[in-house]
Amino acid sequence: MKEEIGGYFELEKLKGNEYHKNLISLNCGRNALDYLFRARKIEKVYLPAFLCDSVKAMCEKNGYVYEIYHIDENFCPIFEKNLGADEYIYIVNFYGLFCQKDIVVFREKYKNIIWDNTHAFYQSAVEGIDTIYSCRKFFGVPDGAYLATTVTIDERLEKDISSDRFKHLLGRFEGKASDFYADFKANDAGFKTAPLKSMSDLTHNLLGAIDYEAAAQKRKNNFKILNDAFKDINKINVENIDIPYAYPLYIKNGMKIKKKLAEKGIYVATLWPNVFEGGNELEKDFAENILPLPIDQRYGDKEMEYLIREVKRCIN
């Protein structure tokens, strides 16, 4: 018998009630694409320029062939090529703006699509469409991703270990985000070279204890408060977003406003800063001037009203 008996306690085993427990569970979102390359024997993938460079880095690391395409003002692909049998187009559901009907339209047009629901954790996958979910974008976990697909790889994946990825999470739980931002960045950077593995037991354990219904309701309530305040000035129509990742406020002088908000302890991410080098003018404008305002389950009415006041002060 190899199991240890006795001694000090480990972390308790929690409820085991994961939201996507029937999907393939992996260590990070970009490696879900790696999984699909292997399982579907993909020869080439078309990636949007408006995307985190870590996905491209994963392709380059593994020798996968990719080509870049651009998006239009509605976040749709500018793409008219006919895909070969072993070619796929990778489409991102930016901010959760696309609903399931939209996904079906994209499939009818392009046939071979990989759908990125990094910003739409709660959206169910459309049957027959490979769909990727990220856990870290919605919850306080160190890693983790899910993949909805009908194919599997013919190899046994090593299980990831997450015990050394908790410093920024535990630090912010008891302290300030600014004090542990370097640890957060270091953890994030580690995934650029992380090999494909299955999700760790620690991450499974944490994801099994989240109150997903309560988190979703908080997000929806906070989103509505912000939309009521900003819908008249927001250049994005956000009415189709169901359970949101953030409130995407598209206005002028976005970078300046982010800096002013940071001085107040309000942190608004610049998503995909690599776009400033490889994107077209519209994509650069999106990266600079869309403010993904935080609306997640940590906050309520009081925080949203404060956020609204400070954003309006910065705008004025």
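The values are calculated or read from the model by the stated rules, or taken from the named source; none is laboratory data. This structure is a prediction, so every number in the text was calculated from the model and none was measured. Glycine also receives a Cβ, built like all others from the backbone with ideal geometry; neighbour counts cover every protein chain displayed. For accessibility, only protein heavy atoms count, side chains too; no ligands or nucleic acids. Shrake-Rupley method; radii C 1.70, N 1.55, O 1.52, S 1.80 Å.
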Exercise for review: Could you run through the range 126-142 and say how many residues are part of a loop (DSSP other than H, G, I, E, B) and either more than 30 Å from Arg172 (Cβ to Cβ) or under 11 Å from the mean Cα position of the chain (by Cα) (or both)?
Suggested key: 9
Point to revise | Any pair with Cβ under 6 angstrom, 6 or more apart, that starts in the range 129-156 at a residue that is acidic (Asp, Glu) and ends at one that is open to solvent by less than 10 Å² (accessible area, probe 1.4 Å) | key: Asp130/Leu36; Asp130/Ile114; Asp143/Asn27; Asp143/Cys28; Asp143/Ser162; Asp143/Thr203
Point to revise | the range 156-167, residues that are open to solvent by less than 20 Å² (accessible area, probe 1.4 Å) and closer than 26 Å to Glu213 by Cα | key: Ser162
Revision key, fill the gap. Scanning the range 128-155 for residues that are open to solvent by 30 Å² or more (accessible area, probe 1.4 Å) and closer than 16 Å to Asp201 by Cα gives Arg136, Gly140
Practice item. Could you please find all residues in the range 157-175 being without any contact (Cβ under 8 Å) to a residue 24 or more places away in the chain, assigned to a loop (DSSP other than H, G, I, E, B) and acidic (Asp, Glu)? Key: Asp164
Review point. Does the range 125-154 hold any residues that are among the β-branched types (Val, Ile, Thr) and touching an Asp or Glu at 6+ places or on another chain (Cβ under 7 Å), and which are they?
Key: Ile132, Thr149
**Study point:** For Gly6: the one exception among (1) open to solvent by 60 Å² or more (accessible area, probe 1.4 Å); (2) of a type in the set (Gly, Ala, Ser); (3) closer than 20 Å to Asn112 by Cβ
**Key:** (3)
Review point. Tell me, which residue of the range 300-316 that is at pLDDT 95 or above and open to solvent by 50 Å² or more (accessible area, probe 1.4 Å) is farthest from the chain's Cα centre (by Cα)?
Key: Arg313
Study note, to complete from the structure: Restricting the range 2-54 to residues that are free of Cβ contacts under 8 Å to residues at least 60 places away in the same chain and among the hydrophobic types (A, V, I, L, M, F, W, C), the one farthest from Val65 (Cα to Cα) turns out to be Ile5
Practice item. Would you please list the contacts, defined by Cβ atoms under 8 Å and residues six or more apart or on different chains, that run from a residue in the range 77-102 that is closer than 15 Å to Ile132 by Cβ to a residue that is open to solvent by 70 Å² or more (accessible area, probe 1.4 Å) and in a loop (DSSP other than H, G, I, E, B)? Key: Gly96/Asp242; Phe98/Asn240
Exercise for review: Identify the single condition in (1) under 19 Å from Asp143 (Cα atoms); (2) open to solvent by less than 10 Å² (accessible area, probe 1.4 Å) that Leu23 does not satisfy, given that it satisfies every other one.
Suggested key: (2)
Practice item. Give the residue, chosen from Asn221, Asn274, that is at pLDDT 95 or above and either of a type outside the set (A, V, I, L, M) or within 22 Å of the chain's Cα centre (by Cα) (or both). Key: Asn221
